[in-house]
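To start, the structure under review is shown below, and the notes come after it.
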Amino acid sequence: MGPRDRDPARISGAQARPGAGREAGHLAARGGEGHQGEPEPHRRSRNRGRGPSESAAGTRPGGRQPRAQRGRTAPQGIHVAALAPRKPVTAFDVSVGISPRQSFDSWAEFVKGLEAEGVRRLWAIDSQLAMKDVYTGLVVAALNTTRIGLGTGVTNAVTRHPTVTANAIAAVAEISRGRAILGLGAGDSALYGIGLKPQKVVEVEEAIGFFRSRVDAVPIYLAVSQERMCQLAGRQADGAIVMGPAQPDMVRRQVEWIEGGLKAAGRDRRTFEIEFIATVATSPDDVRSWASTQARLLAHHRELPESLVPFRDEIKASEESYDYAEHLSTHATHSGAVSDELVRTLAIVGTPSECVERLRALQATGLDSMIFPLAGRGRLERWRKLRDEILAQIIV
């Protein structure tokens, strides 16, 4: 047994879930379980970064699988049977943080409620100055649920050493019996808040390679916004979490960048999931804090889409006034830097029919699924209202 075999931070496909081989066969036979018991429409990538010496089926000459694919099974809810044509968006996830004011007991009840309401995945925010520990929250969620996917939404490779992150997500994968997803980014509030800067694209790529070598059974979804990160996601990740304004012109450009990365790596678009973080509300005040975060992020873009050029001064003011200790807090004082007009541009705000119209426009950009942030109190009730009044109209 070599050193890597003894590494507790390395988890293979068979280790990710007891009885994984038997369960994978059962999933293939019954079509897999996804959102509300329907077949999962998006498959885990099996031809990531395939080289010219490999066949379209992902095998090398002689029928031998590449090392990265041997011994791997799909976590529950990420089905890898025969590919199906891409479908309209029918799967919905939520993004939430564990407030310092929230007990883990109430968190457990909240997550159980999300699962009962048919939410496909829970993405837990990792921002140590503003939220409770993400991995503790995911373990609590794993112990109190049986179906819902559990992801970091998102973590980075700086605030924790990558070996620590690998150990932590491996534990979530084991306890949840294969429902874990590693949502990874360059770092934002978690780094800026302690005087550090986000990683460079090449450093994020190195981190992806490290996590592949340690937890290769856990899918990696990359949080992206600008061109080079979008392309990296297409080349190396299992999925992308697109962040930014809910403007079709910008989202379509981001989707095209991701698809360019997929094409460069010789990968099949149907094996890759593109998610978009879509913030929906009936009033600008409900999502003003989230919008101020997005405005700050836009300050780092070298070029703004035409729809956002008129807000350049507000975007700059958002960056200058931002308090990372109040990241995504509904009580954040820095949220006053954004006007109602900018909030409506960045988020999806309006009547149910207006929100449906904007969500449909985003669907047409090539997205596979959407993530809906839930902040503040009464999150479960707001999810039910969102699902019943808006999402029910765009599920086809």
Which condition does Leu191 not pass, out of (1) in a loop (DSSP other than H, G, I, E, B); (2) among the hydrophobic types (A, V, I, L, M, F, W, C); (3) within 25 Å of Ala291 (Cα to Cα), if it passes all the others?
(1)
Could you check Arg288 against (1) modelled with pLDDT under 95; (2) touching an Asp or Glu at 6+ places or on another chain (Cβ under 6 Å) and say which number it fails?
(2)
Filtering the range 376-396 for residues that are in contact (Cβ under 8 Å) with a residue 12 or more places away in the chain and not in a helix (DSSP H, G or I) leaves a count of 3
Does Val119 satisfy being of a type outside the set (S, T, N, Q), modelled with pLDDT under 50 and surrounded by 16 or more Cβ atoms within 10 Å (Cβ to Cβ)?
no
When both residues are 6+ apart or on different chains and their Cβ atoms are under 6 Å apart, which pairs have a first residue that lies in the range 353-375 and is within 13 Å of Val280 (Cα to Cα), and a second that is polar (S, T, N, Q)?
Val356/Gln393; Ile371/Ser95; Pro373/Ser95; Pro373/Thr279; Ala375/Thr330
When residues of the range 324-338 are limited to those that are assigned to a loop (DSSP other than H, G, I, E, B) and surrounded by 15 or more Cβ atoms within 10 Å (Cβ to Cβ), the one modelled with the highest pLDDT:
Val338
In the range 132-145, is there at least one residue being basic (Lys, Arg) and either modelled with pLDDT under 95 or under 22 Å from Ile277 (Cα atoms) (or both)?
yes
So which residues in the range 154-169 are surrounded by 23 or more Cβ atoms within 10 Å (Cβ to Cβ) and in contact with a helix residue (DSSP H, G or I) (Cβ under 8 Å, 6 or more places away or on another chain), if there are any at all?
Thr155, Asn156, Thr165, Ala166, Ala168, Ile169
Given the criteria among the polar types (S, T, N, Q), closer than 27 Å to Glu203 by Cβ, surrounded by 16 or more Cβ atoms within 10 Å (Cβ to Cβ) and in contact with a strand residue (DSSP E or B) (Cβ under 6 Å, 6 or more places away or on another chain), does Ser95 qualify?
yes
Selection status of Ala130, under 23 Å from Leu386 (Cα atoms), touching a helix residue (DSSP H, G or I) at 6+ places or on another chain (Cβ under 9 Å) and of a type in the set (A, V, I, L, M, F, W, C):
no
Mind listing whichever residues of the range 235-245 are modelled with pLDDT of 95 or more and either surrounded by fewer than 24 Cβ atoms within 10 Å (Cβ to Cβ) or of a type in the set (Lys, Arg) (or both)?
Arg235, Gln236, Asp238
Using beta carbons and a limit of 7 Å, which pairs, at least six apart or on different chains, have the first residue in the range 268-280 and within 16 Å of Leu374 (Cβ to Cβ) and the second one of a type in the set (Asp, Glu) and not in a loop (DSSP other than H, G, I, E, B)?
Glu275/Asp93
Please enumerate the residues belonging to the range 91-122 that are closer than 17 Å to Pro373 by Cα, of a type in the set (Phe, Trp, Tyr) and in a helix (DSSP H, G or I).
Trp107, Phe110
Within the range 170-179, restricting attention to residues that are more than 14 Å from the chain's Cα centre (by Cα) and assigned to a loop (DSSP other than H, G, I, E, B), which residue is surrounded by the fewest Cβ atoms within 10 Å (Cβ to Cβ)?
Arg177
Residue check: is Thr165 of a type in the set (S, T, N, Q), in a helix (DSSP H, G or I) and within 17 Å of the chain's Cα centre (by Cα)?
yes
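The values are calculated or read from the model by the stated rules, or taken from the named source; none is laboratory data. For clarity, every value in this text was computed on a predicted model and none was experimentally measured. Quick reminder, even Gly has a Cβ in these numbers, built from the backbone with ideal geometry, and neighbours come from all protein chains shown.
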